[in-house]
1. Taking 22 Å as R0, compute the FRET efficiency from the Cβ-Cβ separation of Met79 and Thr159 and round it to 0.05.
2. Using only helices, what value at 222 nm comes out for the chain when you add -39,500 (n - 2.57) per DSSP H run of length 4 or more and divide by the total residues, to the nearest 500 deg cm²/dmol?
3. In the structure shown, do any of Lys130/Lys205; Lys94/Lys216; Lys47/Lys205; Lys47/Lys94 have a Cα-Cα gap over 27 Å, and if so which?
4. What does the C-alpha gyration tensor say about the overall shape of the range 76-199? Classify as rounded when a/c is under 1.5, otherwise prolate if a/b is larger than b/c, or oblate.
5. Let me know the longest stretch in the chain that avoids all chymotrypsin sites (Phe, Trp or Tyr not before Pro) found in a DSSP loop with at most 12 other C-beta atoms within 10 Å.
6. Mind jotting down the three principal axis lengths of the range 1-132 based on Cα atoms? Whole angstrom, largest first.
7. Which of the trypsin sites (Lys or Arg not before Pro) across the range 61-163 are loop residues per DSSP, with 14 or fewer other Cβ within 10 Å?
8. Considering only DSSP states other than H, G, I, E and B, which GluC sites (Glu not before Pro) in the range 115-162 qualify as loop sites with at most 13 other Cβ atoms within 10 Å?
Amino acid sequence: MRVPSLPVFGIYQIPFQTDAPGITVSVESGLATSTYRRTSPEGTLAKRLGYREGRVIINPVEPINLPTEVTGMLEFHFMPVTMRPNSRITICLKFPVEIGVFVGADDNYTLLDVFSLARPKYSLYGTPEKGVITRHVECEVYEDAPPTNPLEEGVLFLTLRNSGRDWIEVTRAVFESSALRLFYDKTVAMAGEMEVFSRMVAETKVIDRPPEEGMKQALRVYPTKKSLIPERPPFMMEYGVGD
């Protein structure tokens, strides 16, 4: 068994057990099968696996899967950031983390379980007629990466760019879930960009590279569920960047 860089996160060989405060994940081998068990604040889950050897991958995943897949959008709402015309700044925002358990090898893997220590909240971005439901994250603004519990929260390194000629106040950023790329080592993080064109229109995208050197890219839930649906281009925010 390989020791993970964080409690619970890592690659395990069956049989194994890993523990963290409030969490126990294990797979016990039988004669021809094995049994997966997970205990967390959400409750206890057990599944029978049709083999007794193999590997299990546990890592942070995009926070839009629980309690069910209500939405594919992640919205950050934060303290107002006032930007000069044609300016650029990078801020740090916390976001909730869900924990995914996968079985398989290389690119051939499937999701076995997903759970979380964070309670999800939802909101509407846009109008009731044409807006989108989002997983809502209310967060503080940090200049540098804040301390986190990596089993519960990660850090978004968000680069804001005001491309317009007017002063802009930014309080929200919305991302499409198929674009999310999480990385982890001693912390969980992702990097994104938001280009603001006006008070009403902006474009967001996630950067497909680790925010900090040495971080590993996490397996994602999205490809295991929607492998036949093409991933979308950067998301265009058309209902405002402020309150």
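1. On the way: r = 17 Å, r/R0 = 0.77.
For Met79 and Thr159, the calculated efficiency is 0.85.
2. It lands at 0 deg cm²/dmol.
3. Beyond 27 Å: Lys47/Lys205; Lys47/Lys94.
4. On the way: a/c = 2.02, a/b = 1.64, b/c = 1.23.
Prolate is the answer for the range 76-199, as a/c is 1.5 or above and a/b outweighs b/c.
5. 52-166
6. If we take the Cα atoms of the range 1-132, the spans are 65, 34, 31 Å.
7. Loop-located and lightly packed - Lys121, Lys130.
8. Within the range 115-162, the qualifying GluC sites (Glu not before Pro) (loop, at most 13 other Cβ atoms within 10 Å) are Glu129, Glu140, Glu143.
All of the numbers you see were taken from the coordinates with simple rules; none came from a lab. A quick note: this is a predicted structure, and the numbers were derived from the prediction, not measured. As a convention, Cβ positions derive from the backbone with ideal geometry for all residues, glycine included, and neighbour counts pool all protein chains shown.
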